[in-house]
1. Does residue 25 qualify as being modelled with pLDDT under 85, surrounded by 14 or more Cβ atoms within 10 Å (Cβ to Cβ) and assigned to a strand (DSSP E or B)?
2. Any residue in the range 67-81 that's modelled with pLDDT under 80 and surrounded by fewer than 13 Cβ atoms within 10 Å (Cβ to Cβ): show its pairings with residues that are of a type in the set (A, V, I, L, M) and in a helix (DSSP H, G or I) at Cβ separation under 6 Å, as long as the two are six or more apart or on different chains.
Amino acid sequence: MGHGFSNIRLILSIPSSFLRAGSRFHGTQQSERLVFDIQVEIKLVDMRESFLCGYFCIQGLTEDDDWGSTGIVDLQRWAEFSAFRPFRKLAGKGNLYIPNPAQRENIFMRWKEHFLIPNHRVQTISGASFEGFYYICFNQVRGTISGLYFHEKFQRLELRHVEDRGCFSAVEFR
């Protein structure tokens, strides 16, 4: 191609209208006695690298114990999502690989908090823990996120996509 323009496309593929950079979700996380307001904003989705990052904002953080997971615990947790049932037998036989996740109604993920914003140097905060992680079931059709915080079964996360009138994160002119 002439004029010094590259044929290489830089825009990452978007698996669904909900799972994309710029998508926002709002909902709640429920523990045994408390309900917390949650907001999530997706900043980057790279399906080829199985990578997603963004902001997870929780109002009223709570303490939690240290975490450690095993394959057995993972299966117990994933089994709590009805969408995982078709994969349960396969998962019990060893490593589970679900082909073409972007083409399926549900995508299963783990979300891990790494640091606090705006000060990433903060390692601990009174009354809060980000030692654990979330088991996530993302429904691409409905734009919903269900999650379980690892350690306590009663901590559930339920989020719905925040309507943005179809705005997408990137535009390409060719």
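The values are calculated or read from the model by the stated rules, or taken from the named source; none is laboratory data. It should be emphasised that the depicted structure is a prediction, and the values quoted were computed from it without experimental measurement. So basically every Cβ, Gly included, is an ideal-geometry build from the backbone, and we count neighbours across all protein chains shown.
1. Considered against the rule, which asks whether it is modelled with pLDDT under 85, surrounded by 14 or more Cβ atoms within 10 Å (Cβ to Cβ) and assigned to a strand (DSSP E or B), residue 25 comes out as no.
2. Listed pairs, sorted by first residue: none to list.
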